[in-house]
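Worksheet: the structure to be examined is printed underneath.
The values are calculated or read from the model by the stated rules, or taken from the named source; none is laboratory data. Just so it is clear, the model here is predicted, and its values are computed rather than measured. Note that we place each Cβ from the backbone using ideal geometry, even for glycine, and neighbour counts take in every protein chain shown. Protein only, heavy atoms only, side chains kept; ligands, DNA and RNA dropped before computing areas. Shrake-Rupley method; radii C 1.70, N 1.55, O 1.52, S 1.80 Å.
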Amino acid sequence: MFTALFIVSFAGLILFSGTYLDVSRIQEKVNKIGRNVETVLRGKVQSNVRKCGEEICIDLYIHFPIDKDSINLGDRAIVKAVALSMKKAFDQLTSEELRVIELVIEGHTDNQQPGIRLNPRDRFLYNWNLSSRRATAVLYEFSDAGMKPPRYNIVAIGYADSQPLYRSSSPHAAQNRRTTLRIRVDSKKL
């Protein structure tokens with residue numbers, strides 16, 4: 001009985017080690033993708049590439065017209081260049097690495113509200129919907145560049161004004177209006 005249990009345990013260990021992913025190696029690939037995107041963005045658009053814990057966050061300051069979700073032509077070309085750079089990097093990953101690395105496109109607004117009179121519910125939802133539409137507009141550009149789900153783990157989320165980088169009274173408050181590309185290892189899939 002003991003021998004059989006030992007053999008089964010050893011076989012399981014061998015099987016598990018064949019599918020084991022080296023998290024530090026994957027994290028280094030995530031960091032490399034962030035550095036590549038930083039190079040693509042340098043001098044082209046206001047941006048900030050930063051570490052967010054173990055994740056890489058790339059803040060893009062895309063010029064959306066007020067109350068709109070359309071990306072102007074100049075910014076669209078930059079988003080397309082970022083998408084193509086990321087696609088190239090993601091396509092160099094193994095299928096297992098590709099399965100666990102996720103790109104989250106986050107839309108953020110400032111705390112301003114539209115000048116039109118809205119009922120309390122619509123006023124509350126306004127920036128949430130706007131940030132979601134803007135994140136989805138960026139997702140569309142990534143999809144148009146070939147980064148389409150389900151091959152790529154890519155999602156769009158709107159956060160409205162719930163995650164400001166600066167207080168609304170700060171001279172830098174306009175930088176709260178941004179799109180953040182968050183490259184992360186999905187630990188639930190490891």
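Residues that are in contact (Cβ under 8 Å) with a residue 24 or more places away in the chain and of a type in the set (F, W, Y) were ranked within segment 127-162; the one that is surrounded by the most Cβ atoms within 10 Å (Cβ to Cβ) is F142. In the set (1) in contact (Cβ under 8 Å) with a residue 12 or more places away in the chain; (2) closer than 26 Å to I26 by Cα; (3) out of contact with any strand residue (DSSP E or B) (no Cβ under 6 Å at 6 or more places or on another chain); (4) open to solvent by 30 Å² or more (accessible area, probe 1.4 Å), N111 fails one condition alone, (2). The residue that is modelled with the lowest pLDDT, among those in segment 177-190 that are open to solvent by 10 Å² or more (accessible area, probe 1.4 Å) and of a type outside the set (D, E, K, R), is L190. Candidates L139, L98, L125, L118: the one that is modelled with pLDDT of 95 or more and farther than 15 Å from K68 by Cβ is L139. Being closer than 19 Å to G34 by Cβ and open to solvent by 20 Å² or more (accessible area, probe 1.4 Å) is a description that applies to L165.
None of K44, K80 is open to solvent by 40 Å² or more (accessible area, probe 1.4 Å) and modelled with pLDDT of 90 or more except K80.
Does segment 69-76 contain any residue that is surrounded by fewer than 17 Cβ atoms within 10 Å (Cβ to Cβ) and of a type in the set (A, V, I, L, M, F, W, C)? Among the residues of segment 69-76, at least one is surrounded by fewer than 17 Cβ atoms within 10 Å (Cβ to Cβ) and of a type in the set (A, V, I, L, M, F, W, C), which makes the answer yes.
Assigned to a loop (DSSP other than H, G, I, E, B) and within 18 Å of the chain's Cα centre (by Cα) - does that describe any residue in segment 108-120? Taking every residue of segment 108-120 in turn, at least one turns out to be assigned to a loop (DSSP other than H, G, I, E, B) and within 18 Å of the chain's Cα centre (by Cα).
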